[in-house]
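Taking it in order: structure first as structure tokens, then the write-up.
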Amino acid sequence: MSVLGKIIDLDAKHGYGFIEDESSDDKVFFHVRDMRAYASEAHINELVEFDVEADMYGCRIALNISPTVMK
């Protein structure tokens, strides 16, 4: 199930950051390798759509990240 959120923190040098989940205000870790191929570079305050899964330690991570298309 896709979730909407906004990129709130980004370390471009290392390729990771955090997305704030709009529905829960939780912070979700992401890595730029999990952005869909057609997505441009990640930017702070960019609205994105993504899937959430838990890693082997139970931490929430964002996968299949793509820019949100405004309607």
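The values are calculated or read from the model by the stated rules, or taken from the named source; none is laboratory data. The structure presented is a predicted model; accordingly, all values stated were derived computationally and were not measured. A quick note on method: Cβ atoms are made from the backbone with ideal geometry, for glycine too, and the neighbour counts reach across all protein chains shown. Please note that ligands, DNA and RNA were not included when accessible areas were found on the heavy atoms of the full protein model with its side chains. Shrake-Rupley method; radii C 1.70, N 1.55, O 1.52, S 1.80 Å.
Take Ala37 and tell me if it is surrounded by 14 or more Cβ atoms within 10 Å (Cβ to Cβ), over 13 Å from Leu63 (Cβ atoms) and modelled with pLDDT under 95.
On the way: surrounded by 14 or more Cβ atoms within 10 Å (Cβ to Cβ): no; over 13 Å from Leu63 (Cβ atoms): yes; modelled with pLDDT under 95: yes.
No: the conditions fail for Ala37.
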**Prompt:** So Ser23 clears everything in (1) under 11 Å from the mean Cα position of the chain (by Cα); (2) polar (S, T, N, Q); (3) open to solvent by 60 Å² or more (accessible area, probe 1.4 Å) except one condition, right? Which one?
**Reply:** (1)
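Mind listing just one residue for me: the one in region 1-19 that is of a type outside the set (A, V, I, L, M) and closer than 14 Å to Pro67 by Cα and, of those, least open to solvent (accessible area, probe 1.4 Å)?
At the first step, the residues of region 1-19 found to be of a type outside the set (A, V, I, L, M) are 2, 5-6, 9, 11, 13-18.
This time we only want the ones that are closer than 14 Å to Pro67 by Cα, so: 2, 5-6.
Numbers: Ser2: 62, Gly5: 1, Lys6: 69 Å².
Per the criteria, the residue is Gly5.
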**Complete:** Requiring at least 1 residues that are in contact (Cβ under 8 Å) with a residue 40 or more places away in the chain, the strands (runs of 3 or more DSSP E) wholly within the chain are 2-11, 16-21, 47-54, 60-67
